[in-house]
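Each remark here refers to the structure printed beneath this line.
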Amino acid sequence: MSDLSVLYDAPGPRAKARNILYSVVFLLLLALALWWALDTMADKKQLEAAKWKPFVADGRVWTTYLIPGLLNTLKAAALSIVIALPLGALFGLARLSDHRWVRVPAGAVVEFFRAIPVLLMMFFANAAYAQFTDLSSDVRPLYAVVTGLVLYNASVIAEIVRAGILSLPAGQTDAAKAIGMRKGQIMFYVLLPQAVTAMLPALVSQLVVIVKDTALGGALLGYMELLSQVRVITANYGANTIAAFTVIALIFIVLNFLLTSFASWLEGRLRRGKRSTGAVLHGGGETEMEFDEPHVEPHARK
């Protein structure tokens, strides 16, 4: 019996037959939907070679539209990530504070910005910059996009940090207190290093959301990010909307795949690093602790 068999009842012959039938029906419906979509696009002449040819035969599509749009997407996403990560971590730690005057305002800020859609925050930020600052209309959309992404995603990251720390066993804190560590030392030397590995998948998912949500700035504020380039491409290359959307979707897939791959590599390295060594904190600082094999008396060996 496998370890997984204790978690659920193994399907019998009838259940297996039903599962196979459901799978076949689902695949048939999926194939029909795909055929209908392709047939509709063919009727609209969106599958003609001329619609796709500019992306492989005309380098100006890339140098004039796609690459500048991708750079603007990366700029807005990078600025948002660099600001939102430390800000979210700060508010997440503040929500765990023992002081009510720190914990309650931090919780109110997090819940407030987490409840507002990103699109609304971008809109209000753009209106505020136009009303109260001297920012030019050329850079104002970038500031508004970054502001909206930072406010929303920092509040979500704060909850991820708080949940990651609270998920650790209470014995970690009790053991640290027993050896005389202060609250700050417990948080930064015991809890946070362990919580980072547990939080990493959720953090990466939120970073992917940041990259994709930059497209909201193009839809609302006219920020010339990657997805907004569809309008100018279709205007200059014969209404090839499906081809432009397909190519841009593939670029987003590759971009997010690289991000998640890097995060998986980083997570694996962190886990291997924690298995290799330990650290002991004392009054003089942090030192590495080596683990020797236990000594076994000769007469105890078989």
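The values are calculated or read from the model by the stated rules, or taken from the named source; none is laboratory data. Predicted, not measured: the structure shown is a model, and the values here were computed from it. FYI the Cβ positions are ideal-geometry reconstructions off the backbone, even for glycines, and counts take in every protein chain you see.
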Checklist line | Near pairs, Cβ below 9 angstrom, 6+ apart or cross-chain, from the stretch 154-180 (within 24 Å of ILE116 (Cβ to Cβ)) to any residue that is surrounded by 14 or more Cβ atoms within 10 Å (Cβ to Cβ) and of a type in the set (D, E, K, R) | finding: SER155/ARG114; VAL156/ARG114; ALA158/ARG95; ALA158/ARG114; GLU159/ARG95; GLU159/ARG114; VAL161/ARG95; ARG162/ARG95
Item checked: Which listed residue is charged (D, E, K, R), in a helix (DSSP H, G or I), at pLDDT below 85 and touching a helix residue (DSSP H, G or I) at 6+ places or on another chain (Cβ under 7 Å), from ARG271, ARG275 -> ARG271
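Every residue in the stretch 82-96 that is within 21 Å of VAL211 (Cβ to Cβ), of a type in the set (A, V, I, L, M) and surrounded by fewer than 20 Cβ atoms within 10 Å (Cβ to Cβ), please. Step through it out loud before you land on a result.
Initial filter on the stretch 82-96 (within 21 Å of VAL211 (Cβ to Cβ)): 82-89.
Imposing the further condition that a residue be of a type in the set (A, V, I, L, M) reduces the set to 82-85, 87, 89.
Across the stretch 82-96, the qualifying residues are VAL82, ILE83, LEU85, LEU87.
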Next item on the list: Restrict the check to the stretch 161-178 and report whether at least one residue is within 25 Å of the chain's Cα centre (by Cα), modelled with pLDDT of 90 or more and small (Gly, Ala, Ser).
Entry: no
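Would you point out which residue out of LEU255, LEU200, LEU270, LEU250 is touching an Asp or Glu at 6+ places or on another chain (Cβ under 7 Å), among the aliphatic types (A, V, I, L, M) and farther than 23 Å from LEU120 by Cα?
Working: LEU255 fails: touching an Asp or Glu at 6+ places or on another chain (Cβ under 7 Å); LEU270 fails: touching an Asp or Glu at 6+ places or on another chain (Cβ under 7 Å); LEU250 fails: touching an Asp or Glu at 6+ places or on another chain (Cβ under 7 Å).
Sole residue among the options that is touching an Asp or Glu at 6+ places or on another chain (Cβ under 7 Å), among the aliphatic types (A, V, I, L, M) and farther than 23 Å from LEU120 by Cα: LEU200.
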Next item on the list: Go through the residues of the stretch 212-226 one by one and say whether even a single one is touching a helix residue (DSSP H, G or I) at 6+ places or on another chain (Cβ under 8 Å), modelled with pLDDT of 85 or more and of a type in the set (Ser, Thr, Tyr).
Entry: yes
Next item on the list: For residues that are hydroxyl-bearing (Ser, Thr, Tyr) and either over 18 Å from LYS44 (Cα atoms) or modelled with pLDDT of 90 or more (or both), tally how many sit in the stretch 227-243.
Entry: 1
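Give the stretch 25-46 a look and list any residue that's among the small types (Gly, Ala, Ser) and surrounded by 11 or more Cβ atoms within 10 Å (Cβ to Cβ), or say none.
The answer is ALA37, ALA42.
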Checklist line | Members of the stretch 237-262 that are touching a residue at least 60 places away in the same chain (Cβ under 8 Å) and among the polar types (S, T, N, Q) | finding: ASN240, THR241
Note to self: Residue pairs, Cβ under 9 Å, 6 or more apart or interchain, first in the stretch 28-41 and within 19 Å of ALA243 (Cβ to Cβ) and without any contact (Cβ under 8 Å) to a residue 40 or more places away in the chain, second surrounded by 10 or more Cβ atoms within 10 Å (Cβ to Cβ) and hydrophobic (A, V, I, L, M, F, W, C). List them.
What the structure shows: LEU38/LEU47
Next item on the list: Just give me the residues in the stretch 262-273 being surrounded by 11 or more Cβ atoms within 10 Å (Cβ to Cβ) and closer than 25 Å to THR73 by Cα, in sequence order.
Entry: PHE262, ALA263, SER264, LEU266
Check: If the Cβ limit is 7 Å and pairs must be 6+ apart or interchain, which residue in the stretch 77-98 that is in contact (Cβ under 8 Å) with a residue 12 or more places away in the chain pairs with which residue that is among the basic types (Lys, Arg) and surrounded by 22 or more Cβ atoms within 10 Å (Cβ to Cβ)?
Finding: GLY92/ARG162; ARG95/ARG162; LEU96/ARG162
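Quickly run through the stretch 181-194 and pick out the residues that are more than 20 Å from the chain's Cα centre (by Cα) and either farther than 28 Å from ALA84 by Cα or without any contact (Cβ under 8 Å) to a residue 60 or more places away in the chain (or both).
MET181, ARG182, GLY184, ILE186, PHE188, VAL190, LEU191
This table checks each residue for (1) modelled with pLDDT of 85 or more; (2) touching an Asp or Glu at 6+ places or on another chain (Cβ under 8 Å); (3) surrounded by 12 or more Cβ atoms within 10 Å (Cβ to Cβ); (4) among the acidic types (Asp, Glu).
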| residue | (1), (2), (3), (4) |
| --- | --- |
| GLY12 | no, no, no, no |
| SER23 | yes, no, no, no |
| GLU48 | no, no, yes, yes |
| LEU66 | yes, no, yes, no |
| THR73 | yes, yes, yes, no |
Next item on the list: From THR197, THR173, grab the single residue that is in a helix (DSSP H, G or I) and over 24 Å from VAL82 (Cα atoms).
Entry: THR173
